[in-house]
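What follows is a set of notes on a single structure, which appears directly below.
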Amino acid sequence: MSDELLYDVRDGIGRITLNRPQARNALTFAMYERLAAICGEVEGNGAVKALVLTGAGDKAFAAGTDIGQFRDFKTAEDGLAYEARMDRVIDTLERCRVPTIAAVSGACTGGGAAIAAACDLRIAAANARFGFPIARTLGNCLSMANYARLAALIGIARTKEIIFTARLVEAPEAQAIGLVGEVLPDHAALMARADALARTLAGHAPLTLRATKEALRRIAARMSPGEGDDLVAMCYTSADFREGMAAFLEKRPPRWTGR
């Protein structure tokens, strides 16, 4: 797994690279856990002043969770445990004491889009595409925390429209709706800008940045634990979810029944 998520620190900037380009950087559970562990390590390491997250190559930031991670899902507990894991990992990223920058090229979907949404800043190459196409693919759902995070970024109406239509948002639209702050012409320009932006943040007052991050996180955190578990259980135990996985693996359109 060590080669599937790369991490190095240079000049006070931590760089995390999701490194499965042959699978469009789709995340395994081990990669999620390593991401969380790095954020925990940063907490006790004053040498790291900012984190940049990106995907290997220019084809994808991350195309969600690797489908193989879902093969053995059969019960509500499987779905609830998965979403709880996602919430824990992404909450750890969101709480990371230093500024985080998602540098996005290519596909940024599902779990990859959830990771990007939890970063403090998002910048994108012109070929970036964002979305949660679960209504077209697996027939599962997001956790309440991920719905709330996305709605806080782009609004409830846009969140519904993007998830309902299962479309991917191209980079210019992503910038127009506030999902990303900047669009760069290509991957090389993106990474150069990510490094420059990280250096700028690293030179600013760390307590100001930390207080701002935590204040805004507290404002957004309004849900009680377990809220939305019934929705997760409904989706992950459905015949539609099993059909979605089978159709994805067989490379055919799913046949939804609503059950």
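The values are calculated or read from the model by the stated rules, or taken from the named source; none is laboratory data. Everything numeric here is computed off the predicted structure, so don't read it as measured data. All Cβ positions, even for glycine, are placed from backbone atoms using ideal geometry, and neighbour counts span all protein chains on display.
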Counting only residues that are in contact with a strand residue (DSSP E or B) (Cβ under 8 Å, 6 or more places away or on another chain) and under 15 Å from Ala63 (Cβ atoms), the range 89-116 contains a total of 13
Can you find a residue that is farther than 23 Å from Phe132 by Cβ and among the hydrophobic types (A, V, I, L, M, F, W, C) anywhere in the range 233-249? no
In the set Ala23, Ala62, Ala50, the lone residue that is among the small types (Gly, Ala, Ser), touching a Pro at 6+ places or on another chain (Cβ under 8 Å) and either closer than 17 Å to Ala113 by Cβ or surrounded by 20 or more Cβ atoms within 10 Å (Cβ to Cβ) (or both) is Ala50
When every residue in the range 1-53 that is outside any loop (DSSP other than H, G, I, E, B) and β-branched (Val, Ile, Thr) is compared, the one modelled with the lowest pLDDT is Val42
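Does Leu179 fit the bill of being in contact (Cβ under 8 Å) with a residue 24 or more places away in the chain and closer than 22 Å to Leu53 by Cα? Quick ask: steps written out before the conclusion?
Working: in contact (Cβ under 8 Å) with a residue 24 or more places away in the chain: yes; closer than 22 Å to Leu53 by Cα: yes.
When the stated conditions are applied, Leu179 passes them.
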Taking the criterion of being of a type outside the set (Asp, Glu) and touching a Ser or Thr at 6+ places or on another chain (Cβ under 6 Å), would at least one residue in the range 200-214 satisfy it? no
What do you reckon, is Gly226 surrounded by fewer than 18 Cβ atoms within 10 Å (Cβ to Cβ), at positive phi and either touching a residue at least 12 places away in the same chain (Cβ under 8 Å) or among the basic types (Lys, Arg) (or both)? no
Query raised in the report: Of the residues that make up the range 74-81, is at least one among the small types (Gly, Ala, Ser), more than 20 Å from Arg24 (Cα to Cα), surrounded by fewer than 24 Cβ atoms within 10 Å (Cβ to Cβ) and in contact (Cβ under 8 Å) with a residue 40 or more places away in the chain?
Result: yes
Among helices (runs of 4 or more DSSP H) completely within the range 186-245, the ones holding 3 or more residues that are over 30 Å from Arg71 (Cβ atoms) and under 21 Å from the mean Cα position of the chain (by Cα) are 187-202, 206-220
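May I ask you to list the residues in the range 30-75 that are farther than 22 Å from His204 by Cβ, of a type in the set (Ser, Thr, Tyr) and out of contact with any Lys or Arg (no Cβ under 7 Å at 6 or more places or on another chain)?
Taking the range 30-75 as the starting set, the residues that turn out to be farther than 22 Å from His204 by Cβ are 30-37, 40, 55-75.
After this cut, where a residue has to be of a type in the set (Ser, Thr, Tyr) as well, the list is 32, 65, 75.
Scanning the range 30-75 gives Thr65, Thr75.
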